[in-house]
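Presented below is the structure to which this report refers.
The values are calculated or read from the model by the stated rules, or taken from the named source; none is laboratory data. Model, not experiment: these values are computed from the prediction. As a convention, Cβ positions derive from the backbone with ideal geometry for all residues, glycine included, and neighbour counts pool all protein chains shown. Only protein heavy atoms, including side chains, enter the accessible area calculation; ligands, DNA and RNA are left aside. Shrake-Rupley method; radii C 1.70, N 1.55, O 1.52, S 1.80 Å.
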Amino acid sequence: MSAVAPDAGGAADRKSKTVATWLSFALGSLGAHRFYLHGFSDKLAWLHPLPTLLGLYGVHRMDTLGQDDVAAWFLIPMLGLMIAQSMLAGIVYGLMPDERWADRFNPGQAVHRTGWLPILGVIACLMVGGACLMATIAFSAQRYFESQVEAAREISQ
């Protein structure tokens, strides 16, 4: 078992559970939490920006072209899913025990007690992630059924 270090100070390369949780909340859909934890060589982190930006482009298309833009129907759920997965990552990071966090991200260093800030981040991630996931599912289902109604109208005419 690792020794427990007080909350003050620490090594310069120590990865903070609090920072990772809040980065996942604020910029996780762009991969900021993965860049923080694994560096710029992390291939999975580089997969985050493209779907997020495509989803934002879908939001822009729907704003300018209206609700009948079929491309936006496929692009907007990408944004919702990227936000939801980053909120899930924030929840996982924030709820990870301090000992396991130290073993995984700070090997060879003393355990750093985090306190309540990661838990507050988990609460924020849970609220935003749950709302975003439910909105994405509702949006996708609505667009799917609207397309089915349109297809049935074309067949019946």
Counting pairs of alpha carbon atoms under 8 Å apart in space and at least six apart in sequence, what relative contact order in percent does region 76-157 give? 44
Taking all protein chains together and a probe of 1.4 Å, list Met87, Met127, Met62 from the most accessible to the least accessible. Met127, Met62, Met87
If you roll a 1.4 Å probe over the heavy atoms of the protein chains, what accessible area per residue do you get for region 1-127, in Å²? 57
Run the dipole for region 98-155 about the Cα centre, Lys and Arg Cβ at +1, Asp and Glu Cβ at -1, nothing else charged, and hand back the magnitude in debye, nearest 20. 140
Net charge, Pro77 excluded, C-beta distance under 15 Å - Lys, Arg +1, Asp, Glu -1: 0
Rounded to the nearest 500, the 222 nm mean residue ellipticity computed for the chain from DSSP H runs (n ≥ 4, each -39500 (n - 2.57)) alone is -24000 deg cm²/dmol
Express in Å², to the nearest 10, the accessible area of Ser140 obtained by rolling a 1.4 Å probe over the protein heavy atoms while all chains stay in place. 40
So what's the angle, to the nearest 10 degrees on a 0 to 90 scale, between helix 17-27 and the longest Cα principal axis of the chain? 20
Quick tally, 1.4 Å probe accessible area for Lys15, Lys43, sorted with the most first, runs Lys43, Lys15
Lys/Arg Cβ at +1, Asp/Glu Cβ at -1, dipole of the chain taken about the Cα centre: which of Ser29, Ala102, Thr52 is farthest positive-ward? Ala102
About the Cα centre, charge dipole magnitude for the chain (Lys/Arg +1, Asp/Glu -1 at Cβ), debye: 460
Rounding to the nearest 10 and keeping the result within 0 to 90°, find how far the Cα-based axis of helix 117-156 lies from the longest principal axis of the chain. 20
For Leu37, net neighbour charge (Lys/Arg +1, Asp/Glu -1) across residues whose Cβ lies under 12 Å away: +3
With axes computed from alpha carbons, what is the tilt in degrees of helix 70-95 against the longest principal axis of the chain, rounded to the nearest 10 within 0 to 90? 20
Just to verify a number: what accessible area does Val19 come out at with the full protein assembly present, 1.4 Å probe, Å² rounded to tens? 60
For the chain, what's the relative contact order in percent, using C-alpha pairs closer than 8 Å and at least 6 residues apart? 30
Any chance you could look up the accessible area of Glu146 with a 1.4 Å probe, heavy atoms only, rounded to 10 Å²? 70
Region 16-37 and region 45-112: distance between their alpha carbon centers, rounded to Å: 10
Going from most exposed to least, what order do Trp116, Trp46 have by accessible area with a 1.4 Å probe? Trp116, Trp46
